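S.K.: Supplied in C-alpha cells, the structure appears directly below.
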Amino acid sequence: MVNENINYFDFIKSQNKNGIFSHPDVQQRLLMLMGNEKNKKLELSKDEENKIAQTYQKMFFALATIRWCRGETLGVARQKSLEQMNNYVKSKTNIAHPMNKYLMGINGQTNREISVMNMTDKNSDKKIEMNSVVAQKLSAEATKEFQASLKILNDMYKKYMPEKDIKKMPATKSFEIAKKNAQQMLQQIMLNQMIKQRAA
C-alpha cells in the first residue's frame with residue numbers, strides 16, 4: 001500500500017521546525033504508520049541512556065563537591081548544583097533531539113531526590129571542615145571530572161543533533177517521497193466524494 005512515492009504531507013512540511021512533527025517520537029510513529037522501519041539514528045540505545053544518566057550524575061556530584069570545597073554548606077552546595085544542572089538541561093531546547101526527553105527526565109528525578117535529601121539529611125547544614133590544601137586538591141579533581149563529563153554529554157548531543165533544515169532530518173528522509181502520492185490520495189478521496197454527491 002505504501003510505496004517509495006509516498007512523502008510528507010504539505011501541512012507537516014509547513015509546520016514550524018520546532019513543532020510537533022519534528023519531534024523524534026512523532027516521526028518514529030509516522031514512519032511506523034507508513035509501514036517503514038524505525039529510524040535508529042533518532043533512538044538512544046540502553047547503553048547510551050545509562051551513559052547519559054551516569055554522566056549527568058557525575059556532573060552534578062562534581063559541581064556539588066566543588067561548591068562544598070569552596071565553603072558552602074552541603075545542602076546549599078547540592079541545591080546550587082541542581083540549579084546549574086537545570087540551566088544546562090534547559091539550554092538543550094531542540095524538541096527534535098532524542099537526548100532532550102531523557103535529560104529532562106533524569107534532571108526531574110534528581111531534583112526530587114536531592115530536595116528530599118536536603119530536607120532529611122542531618123549533614124545538610126555542615127561545611128566540609130577539611131584541610132584547605134586537601135580541599136583544593138579535591139576541588140581540582142572534581143573540576144576535571146565535571147569537564148570530562150560535560151564533554152561526554154556534549155559529544156553525544158552533537159552526534160544526535162538534527163539537521164537544521166527539516167527536509168534533511170534523518171527521520172524525514174523516508175518521508176521526502178511522500179508528498180505527491182499523499183496529495184493524490186487525498187485528491188482522489190475528495191473527487192470520489194464529489195462524484196457520489198452529484199450522483200445522489
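What follows is calculated from the coordinates using simple rules that are stated; it is not laboratory data. What you see is a predicted model; the values in this text were computed from it and never measured. When we count neighbours, we look across all protein chains shown, and the Cβ atoms used for this are built from the backbone with ideal geometry, even at glycine.
S.K.: With labels modelled as points extended 7 Å from the Cα through the Cβ direction, what inter-label distance (nm, one decimal) is found for TYR102 paired with LYS46?
M.R.: 1.3 nm
S.K.: While we're on this one: How high is the relative contact order of segment 41-103, given as a whole-number percent (alpha carbon pairs under 8 Å, six or more residues apart)? It would help to have the intermediate numbers written out before the result.
M.R.: Details: 30 pairs, mean separation 24.4, N = 63.
That works out to 39 percent.
S.K.: Sort the following peptides by mean Cβ neighbour count (other Cβ atoms within 10 Å, averaged over residues), highest first: 97-108, 117-128.
M.R.: 97-108, 117-128
S.K.: Right, something else. From the phi angles alone, apply the Karplus equation (6.51, -1.76, 1.60; θ = phi - 60°) to segment 46-62 and give each ³J(HN,Hα) in whole Hz, x where the residue is Gly or Pro.
M.R.: 4, 4, 5, 4, 5, 5, 4, 4, 5, 5, 4, 5, 4, 4, 4, 5, 5
S.K.: Which residues does a label at LEU150 reach in segment 76-114, if reach means a backbone N under 15 Å from a point 7 Å past the Cα toward the Cβ?
M.R.: Within reach of a label on LEU150: 81-92.
S.K.: So, R0 is 35 Å and r is the distance between the beta-carbons of LEU33 and GLN57; what FRET efficiency does that work out to, to 0.05?
M.R.: 0.45
S.K.: Follow-up. Please compute the Cα-Cα pair-distance distribution of segment 83-155 with 5 Å bins starting at 0, giving whole percents from short to long.
M.R.: Final binned percentages: 3, 12, 15, 18, 19, 17, 10, 4, 2, 0.
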